[in-house]
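The values are calculated or read from the model by the stated rules, or taken from the named source; none is laboratory data. Just so we're clear, the structure is a prediction, and the values are computed from it rather than from any experiment. We place every Cβ from the backbone using ideal geometry, glycine too, and count neighbours over all the protein chains shown.
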Amino acid sequence: MATYVWDFTQGDKDQKDLLGGKGANLAEMTRLGLPVPPGFTITTEACRAFMRTGAVPRELAVEVTTALRKMEDTLGRRFGDPDDPLLVSVRSGAKFSMPGMMETVLDVGLNDTTVHGLARFSGDERFAWDSYRRLVQMFGRTVLDIDGALFSDALDAAKAARGVTSDVDLDADALRELVGTFQEIVRTHTGSPFPQDPREQLDLAIVAVLGSWNTERARLYRRKERIPDDLGTAVNVVPMVFGNLGPTSGTGVAFTRDPATGKTGNYGDYLANAQGEDVVAGIRNTLSLEDLAQRDPGAYADLRRAMRQLETHYRDLCDIEFTIERGKLWMLQTRVGKRTAPAAFRIATQLVDEHLITLDEALARVSGAQLSQLLFPQFAVSDDRTLLARGMAASPGAAVGAAVFDSATAQQRAALGEDVVLVRRETNPDDLGGMIAAVGVLTARGGKTSHAAVVARGMGRTCVVGAEAVDIDLVTRSFRVDGHVVREGDTLAIDGGTGEVFLGQVPVEPSPVSRYLEEGLDAALDHAPDDDTRELVRSVDRLLTHADTVRRLHVHANADTAADAARARRLGAQGVGLCRTEHQFLGERRVLVERVVLASGDDERQAALDALLPLQREDFVGLLREMDGLPTTIRLLDPPLHEFLPDLTDLSVRVALAHERGEDAASDERLLAAVRRMHEANPMLGLRGVRLGLVVPGLFALQIRAVCEAVVERRAAGGDPRAEIMVPLVGSVQELRLVKDEARTIMAAVSAERGVDLDLPVGVMIELPRAALTADRIAQEAAFFSFGTNDLTQTTWGFSRDDVEGAFFAQYTDNGVLTVSPFETIDALGVGRLVQIAVEQGRAARPDLTLGVCGEHGGDPESIRFFHDAGLDYVSCSPFRVPVARLEAGRAAV
Ligand code: ADP
Ligand code: MG
Ligand code: MG
């Protein structure tokens, strides 16, 4: 068997690595007995050799000759035969479809002699010269690297000279002349005539297609789609069949189901008397497949049969390129077709109902990313929307609110109950408060990994970035765009799924699928506008339910408040994996915390702590009520100290001013001294987490007591509270021991006071490499591990999440250091390795250790798969990601 050349009769659909997607599927269709022109594939191995050495492998020429002869024998036609020439197309085709990125050359084999043979065989002079014209043009541009504009200008000139506007109005004479002009262009720009030897044309076209793997745009596309650069493309050499041989010929594309909506039935476009690319080029209005059925029932029946056969065989939606040559059907391409999110769910369950696939397989066919697309509120479509600008769709959703231009205003107005859209040139960590307060974020600068985009996606906030036309003036608090001036307070509507920015109110509505998740199946079905929507909702319900039955990973939610917990539970959360208590210390309680931290004596501190206790207890009572019967993991205070203290600069200025005015500033001075004393150069690596708890007496004790009392209160109310205490930022088992001792004392005290029996599990967050590496020791004291993969990523890579996104991530993605932000998808090799080590060591030391993850990664599809494989017990994510995590955990298990 040849090494680099595979006949279509040899391969099959599973050989995409070697034959590329197009080649593998052409081979599969050949095996199925479908009418495929008898071609061959030059393997990706040849392309890789070409990339290594800059030349095609020496054996290739001989192997191509053998394959070509066989093709000629099968067809009874010869390449270069002046009377009845065989023509071929030379088509790129990589493992992953890269639409329009690489080259294809049609009609190879035409020259000054064979063009006459083609005219005779077809009985159509015009067709023959048009094909030749196309060859010289396509070959000139892609193989000989001549500027394509030269050809199109000459084509335009020819049309102008004859007073016609369309290519198809050029007659045979005009096209013959044009071929002469094109050949002249080739001679001028290469110094040689257009190659007349068909075999030379073929060999050059093959090299050009191999080379098109590495064009700038192909590389760019691969980087974007995360396709490796070293795969290479295959080259398919396919005998030409002609859809442009008169009214009984034509060409089209077809889908076995509607890829946009998922509706059953055949869909497609057909163009009579046309060649392949004409359909997509939109030069004439296409016909539907029903029209084809009218025009040519025989060919249509063949096509239907082929489509059905393909769908049964691939057991999935297929898309197809076909050509009809004088009533005879030819299949030129098929693949499992791309589809929208709703189509993915509907088709998957349709195929189950048709007994073509199992529910497990159906589950594998949909993704969490698709589910999340179905969850965002939608703008109701209407005619009177004013489109202001377009940016990049960074985080989906439909947000309407008053335009505001800084974080503080966003927070003020939002606090008054107003919906606001935060508009910034770009955002930075200082805008976080405003981003949280806003319903949507719009930036003029930045791409999909910009701070705004990443943060907004992380919290499910609608976001459009890089709307370059938006020109912000912070002085007048307004922006100009496209002749409009939008002032602070004017209403904006942004669509994070499309990148569109509208002026004024555009009504939104919850999507049918989110209604299903929030209110249940019946409510969603009642509310659905049509049968298509009802089918979609039922599909999601079936697949999600199936995911719940097969998944091993539990799904918990990160919820800080009772309201969040309630929502998470409605969405299917089986517990709270992370309750961040620091959010409970902001706002008006901040002063109390400030007093705790800065207290000059024990009495003062205790007074402040006592004031906090009932507030904190009520927080936990609410949370435990909503999560009754389910594990509720409460993390002790974590954030860096400075977040609770007044800003050093502000305070210094205040004191200086007071001095100047001769005012008494004694208390501010005292505060300033304390803030100075505690000032840290790098607070994120400073006094935070367990360190803060051990340094500031009574702080953790307060929280632990509040948890204990809340548990007692819930029990008294007949509830089943399952509180667990989590210690953040532990690096040494001794830190945990100290906190545990304190916790035990408090539990014993509360037990005694209330006459109950309290023994709450105490566990740790694993978010420092040292904790992972000493997991065996830590596990001896910890009831559970919860991987805090946000911090673990920061501390493993040594870069700060808040600073790097804007600083160098874009460049790091461009130059390939990173393919995706490690804060979005777990860095399996580095951070993931630490997780594996900790799992292994932790379980070895304590077999009943519960293992979970509570970083952002807990809601990321790829990461969930990793955590499943790593053997964790649960993932915990934002409430709105819970359904996605349920689905992905199910997919990981099938
Ligand atoms: P792409 O991957 O960009 O779709 P293709 O290799 O599929 O490129 O070819 C482009 C067009 O040319 C397609 O519409 C295809 O149907 C048509 N085509 C390719 N090879 C032949 C052939 N041997 N005979 C007739 N049409 C062809
Ligand atoms: Mg194609
Ligand atoms: Mg942390």
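For Pro198, are the conditions met, namely being more than 30 Å from Gly298 (Cα to Cα), within 16 Å of ligand 1 (Cβ to nearest atom) and either outside the structural domain of Leu818 (by TED's automatic domain parsing) or surrounded by fewer than 17 Cβ atoms within 10 Å (Cβ to Cβ) (or both)? Answer is yes for this residue. Checking the structure you have, find out if any residue of segment 195-211 is more than 35 Å from the chain's Cα centre (by Cα), farther than 30 Å from Glu45 by Cα and modelled with pLDDT of 95 or more. For segment 195-211, residues more than 35 Å from the chain's Cα centre (by Cα), farther than 30 Å from Glu45 by Cα and modelled with pLDDT of 95 or more: absent.
The one condition from (1) at pLDDT 90 or above; (2) outside any strand (DSSP E or B) that Leu592 does not meet is (1).
Applying the criterion of at least 1 residues that are without any contact (Cβ under 8 Å) to a residue 24 or more places away in the chain to the helices (runs of 4 or more DSSP H) found wholly in segment 333-384 leaves 341-353. Listed by first and then second residue, the pairs linking a residue in segment 515-534 that is hydrophobic (A, V, I, L, M, F, W, C) to a residue that is at pLDDT below 95 and part of a helix (DSSP H, G or I), with Cβ atoms under 6 Å apart and 6 or more places separating them unless they lie on different chains, are Ala524/Pro512; Ala524/Arg515; Ala528/Pro512. Among the residues of segment 647-692, those that are assigned to a loop (DSSP other than H, G, I, E, B), farther than 25 Å from Pro429 by Cβ and of a type in the set (D, E, K, R) comprise Arg661, Glu663, Asp664. Taking (1) farther than 18 Å from Val508 by Cβ; (2) outside the structural domain of Asp269 (by TED's automatic domain parsing); (3) modelled with pLDDT of 95 or more in turn, Gly391 satisfies each apart from (3).
Could you say whether any residue in segment 623-646 is in a helix (DSSP H, G or I) and free of Cβ contacts under 8 Å to residues at least 40 places away in the same chain? Scanning segment 623-646, I find no residue that is in a helix (DSSP H, G or I) and free of Cβ contacts under 8 Å to residues at least 40 places away in the same chain, so the answer is no. Please tell me if Leu422 is surrounded by fewer than 20 Cβ atoms within 10 Å (Cβ to Cβ) and in the same structural domain as Ile436 (by TED's automatic domain parsing). No; evaluated as a whole, the condition is false for this residue. Being modelled with pLDDT of 95 or more, outside the structural domain of Gly504 (by TED's automatic domain parsing) and in contact with a Phe, Trp or Tyr (Cβ under 7 Å, 6 or more places away or on another chain) holds for only one residue in Thr349, Thr323, and it is Thr323. For segment 24-43, the criterion of being part of a loop (DSSP other than H, G, I, E, B), closer than 18 Å to Gly232 by Cβ and out of contact with any Lys or Arg (no Cβ under 7 Å at 6 or more places or on another chain) is met by at least one residue. The set of residues in segment 57-114 that are hydroxyl-bearing (Ser, Thr, Tyr) and out of contact with any Lys or Arg (no Cβ under 9 Å at 6 or more places or on another chain) comprises Thr66, Thr74, Ser89, Thr113, Thr114. When every residue of segment 310-327 is checked against the conditions, at least one turns out to be within 16 Å of ligand 2 (Cβ to nearest atom), farther than 30 Å from Ala208 by Cα, in a helix (DSSP H, G or I) and hydrophobic (A, V, I, L, M, F, W, C). Within the option set Arg133, Arg78, Arg126, Arg120, being more than 16 Å from ligand 2 (Cβ to nearest atom) and without any contact (Cβ under 8 Å) to a residue 12 or more places away in the chain holds for one residue only, Arg78. Evaluating Ala272 against the criteria (1) touching a residue at least 60 places away in the same chain (Cβ under 8 Å); (2) away from ligand 2 (no atom under 16 Å from the Cβ); (3) small (Gly, Ala, Ser); (4) closer than 30 Å to Arg78 by Cβ leaves one unmet condition, (1).
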